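A.B. asks: Could you have a look at this structure, given as structure tokens, before my questions?
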Amino acid sequence: MAVPGIAWLIILFILPFYAIAAVAFGGLDPIFAGPAPTWNPLEWDFTAFRTIVGELVSGGPAQIFFRRTLLYIAIAVSISITVGYPVAYYVSRHGGRLKVLLLTLMIAPFWMSYLMRMLAWVNLLSDSPETPGLINQLLVDATPFFDSPVNWGAGNAAHMTVILGLVYGYIPFFILPLYAALDRIDRSQLDAARDLGGSPRSTFWRVTLPLSKQGILAGTVIIMLPMFGDYYTPDLMSGQNKTRIIGNQINSLIHTQGKAPEGASLTLLLSGFVAILMLYYLISVSRAAREARR
């Protein structure tokens, strides 16, 4: 019965990953300078891979993009937890008859293309003097602090614009598993905490929050993984060099003549880093399951 699942993994994961390695450790077409994959591991050339590793160690472009990516994702995940936890908590504890409606509203963004949702924000943040976006209209007309529309895609504002774009795009993926974890908490444990004299605040910090830790971790992993490979959000929300992240660099290298092996090498390094995060998540889940059985 495991054969279909194993075949699925081989076809859709192992083979594409091996193809990336063949490009990373391969050569270039002598005529068109395109990637020439080397399928035999005994003939692999690690020159491009060493170049990318050298950039990561010595402060080259790869390190700059990697550090910016980590910073963006750390802030985006922090905002997602700050915003998403109260939402998931309210729906699970106080949703009542409206729980189905609230869950539907949370899932509603999935019905629309991610690209269309980002383009909608581009229009909302437009700084055109003739037809400014709704956000700039409110800032200029309703507050005394802005005399002209703000260019949200440039300057220092561009960093926060891209981060908020990541939050908006992925926060539903964080809320849903967290809601499921909160909804599974046995209410008798909360009642026991109150019977023992715990206030609502202490019950939350000592019972609810620890029991929902796995939901927070699951939601964090779910949104972090696609964020590391995201490149269209910075392009759409800003398009500035200062907001490019590692996904943009990989995309640029892959489509630059003669740079495909370096782009594939950066992909392998990013995959290895993400695999470490996934390993930590799996170990944490396994440890929590063992403690729950005791």
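A.B. asks: For region 251-261, which positions are in contact with a helix residue (DSSP H, G or I) (Cβ under 7 Å, 6 or more places away or on another chain), surrounded by fewer than 23 Cβ atoms within 10 Å (Cβ to Cβ) and not in a loop (DSSP other than H, G, I, E, B)?
C.D. replies: Leu253, Ile254
A.B. asks: Would it be correct to say that Val221 is in a helix (DSSP H, G or I) and without any contact (Cβ under 8 Å) to a residue 24 or more places away in the chain?
C.D. replies: no
A.B. asks: Do we have any residue at all in region 81-97 that's surrounded by 11 or more Cβ atoms within 10 Å (Cβ to Cβ), assigned by TED's automatic domain parsing to the domain that holds Thr203, within 26 Å of Gly272 (Cα to Cα) and at pLDDT 85 or above?
C.D. replies: yes
A.B. asks: Considering only residues of region 110-137 that are surrounded by 15 or more Cβ atoms within 10 Å (Cβ to Cβ) and outside any helix (DSSP H, G or I), which is nearest to the chain's Cα centre (by Cα)?
C.D. replies: So, considering only residues that are surrounded by 15 or more Cβ atoms within 10 Å (Cβ to Cβ) and outside any helix (DSSP H, G or I), the one nearest to the chain's Cα centre (by Cα) is Leu125.
A.B. asks: Return the residues of region 243-294 that are in contact with a strand residue (DSSP E or B) (Cβ under 7 Å, 6 or more places away or on another chain) and free of Cβ contacts under 8 Å to residues at least 60 places away in the same chain; say none if nothing qualifies.
C.D. replies: Within region 243-294, none qualify.
A.B. asks: Would a scan of region 13-23 turn up a residue that is of a type in the set (Val, Ile, Thr) and under 29 Å from Ala218 (Cα atoms)?
C.D. replies: yes
A.B. asks: Could you please give the count of residues in region 198-218 that are outside any helix (DSSP H, G or I) and crowded, with 16+ Cβ neighbours inside 10 Å?
C.D. replies: 2
A.B. asks: Further, regarding this structure: Would you tally the residues in region 4-45 being modelled with pLDDT of 90 or more, under 12 Å from Glu262 (Cα atoms) and part of a loop (DSSP other than H, G, I, E, B)?
C.D. replies: Residues in region 4-45 being modelled with pLDDT of 90 or more, under 12 Å from Glu262 (Cα atoms) and part of a loop (DSSP other than H, G, I, E, B): 1 in total.
A.B. asks: Out of all the residues in region 34-56, which are under 16 Å from Gly272 (Cβ atoms) and β-branched (Val, Ile, Thr)?
C.D. replies: The answer is Ile52, Val53.
A.B. asks: Could you tell me which numbered condition Arg201 fails, if it satisfies all but one of (1) at pLDDT below 90; (2) under 24 Å from Met112 (Cα atoms)?
C.D. replies: Status for Arg201: all satisfied but (2).
A.B. asks: Can Tyr170 be described as surrounded by 19 or more Cβ atoms within 10 Å (Cβ to Cβ), in contact (Cβ under 8 Å) with a residue 24 or more places away in the chain and within 27 Å of Lys242 (Cβ to Cβ)?
C.D. replies: It is true that Tyr170 is surrounded by 19 or more Cβ atoms within 10 Å (Cβ to Cβ), in contact (Cβ under 8 Å) with a residue 24 or more places away in the chain and within 27 Å of Lys242 (Cβ to Cβ).
The values are calculated or read from the model by the stated rules, or taken from the named source; none is laboratory data. Only a predicted model underlies this, so the values are computations on that prediction, with no experimental measurement involved. Every residue, glycine among them, receives a Cβ derived from its backbone with ideal geometry; neighbour counts consider all protein chains shown.
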